[in-house]
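One structure is given here, and the rest of the page talks about it.
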Amino acid sequence: MDRHPDPGLVPEPERRALEAFAVELAVAAGRLVHQERPDDLGVRRTKTSELDVVTLMDERSEALLRARIAEHRPADGILGEEEGSRTGSSGLTWVLDPIDGTVNYLYDLPGYAVSVAVVVGDPGIPGAWAPVAGAVASPTTGELFHARAGGGAWRRALRVDTHTGTDSLGPPRPLAVSEPGRELGGLLVGTGFSYDRERRVQQARVVADLLPRVRDVRRSGAAALDLCHVAAGRLDGYYESGVQAWDIAAGMLCVSEAGGLVSGLEEGSVPSPSFVLAGGRPAVDGLREALRPLLLVGPPSPPGEHPA
Ligand code: LIP
């Protein structure tokens with residue numbers, strides 16, 4: 001297997017067509033989850049922990065995305081957050097987060113999105129895949145972010161007309177990461193917390209150390225949007241442990257096409273469920289230097305016990 005797949009091997013006209021299809025998919029699913037959210041939305045089931053919830057609309061959104069991909073691109077594989085993977089024969093796989101920010105959505109908070117990416121390689125293995133094109137639709141804030149490898153990253157106004165059920169997209173505006181330098185004190189940093197309570201103990205310890213040293217910390221609840229906000233220069237950096245390929249595939253392409261860097265904890269490493277770090281290069285360097293010693297220490301002592 002190619003451990004370093006190159007999205008540039010997909011011809012530019014095909015990349016452009018894939019980006020347009022990713023946009024179409026994200027907008028359609030974004031409209032569905034925005035317009036058809038039931039007032040009495042509840043939790044249908046839980047996954048990795050009792051905090052990791054699935055709603056009816058996560059399932060409906062993924063079903064819509066899968067049906068359209070099967071209809072228009074039957075040879076492509078699919079990896080979706082709710083229904084898992086289907087192998088394809090084209091070498092391309094669609095990586096779908098039908099609602100990123102599900103807990104926001106459950107509580108009717110606006111910070112959720114539909115994230116759609118198409119990648120080369122195996123999205124189940126960190127470092128064995130790379131995004132070719134992607135789109136993130138944020139229907140409540142009326143924004144669409146999209147990118148293709150080598151084609152730049154873009155933001156467009158997204159208006160969903162709830163009466164007619166039609167969407168309109170504004171003109172594309174280019175995205176560029178911020179350039180605040182590497183000094184922590186000047187950085188507005190996004191992060192997120194796991195559904196695993198044990199992992200949150202370490203995440204709380206890390207953020208407690210970082211918070212007094214940076215400009216401030218934001219926790220939006222949706223990694224795809226955090227990455228798009230980095231791409232748009234609205235956050236100087238973002239880090240999180242515990243995110244999956246479907247959370248980050250489209251957003252990380254937006255960051256890299258906006259002139260930024262997305263990596264793992266070590267310099268030159270790839271993002272993985274254990275860690276993702278994004279921003280302009282100086283901000284990433286500054287954050288890595290601060291976070292590395294915090295993340296490489298052992299697990300915290302259980303409550304009541306004190307380390308020597
Ligand atoms: C969410 C991520 C977020 C993280 C949440 C959760 P979901 O994904 O986007 O960054 O902090 O714990 O993993 O479950 O809403 O698709």
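Bear in mind these aren't lab numbers, they're just calculated from the coordinates by the rules spelled out. Please read all numbers here as calculations on a predicted model, not as lab measurements. Cβ coordinates were reconstructed from backbone atoms using ideal geometry, including for glycine residues, and neighbour counts include every protein chain displayed.
Here are some notes:
- Within a Gaussian network of the chain (alpha carbon springs, distance under 10 Å), most fluctuating of 12, 267, 62: 267
- Between the range 21-54 and the range 221-235, the C-alpha centres lie 19 angstrom from each other.
- Of 235, 51, 261, the residue with the greatest mean-square motion in the GNM of the chain, using alpha carbon springs below 10 Å, is 51.
- Candidates 13, 180, 74: whichever shows maximal mean-square fluctuation once the chain is modelled as a Gaussian network with Cα springs under 10 Å: 13
- Calculated P(r) of the range 179-308 - Cα pairs past 20 Å, %: 38 percent
- What the phi angles of the range 222-230 give under the Karplus curve with 6.51, -1.76 and 1.60, with θ = phi - 60°, is a coupling list of 8, 4, 4, 6, 4, 5, 5, 5, 4 Hz, glycine and proline written as x.
- Dividing the convex hull volume of the alpha-carbon atoms in the chain by its residue count gives 133 Å³ per residue.
- Between residue 260 and 177, the built amide H atoms are under 5 Å apart, and every one of these is 5 or more places off in sequence or on another chain.
- Spread over its residues, the convex hull of the C-alpha atoms of the range 102-157 is 83 Å³ per residue.
- Net length gained if the chain between residue 281 and residue 211 were fully extended (0.36 nm per residue, minus Cα distance): 23.2 nm
- Mean sequence separation of contacting Cα pairs (under 8 Å, at least six apart), scaled by the length of the chain, corresponds to a relative contact order of 17 percent.
- Sequence ranges 193-203, 276-286, ranked by mean other-Cβ count within 10 angstrom, highest first: 276-286, 193-203
- Using all pairs of distinct alpha-carbon atoms, the Kirkwood hydrodynamic radius of the range 9-116 works out to 14.5 angstrom.
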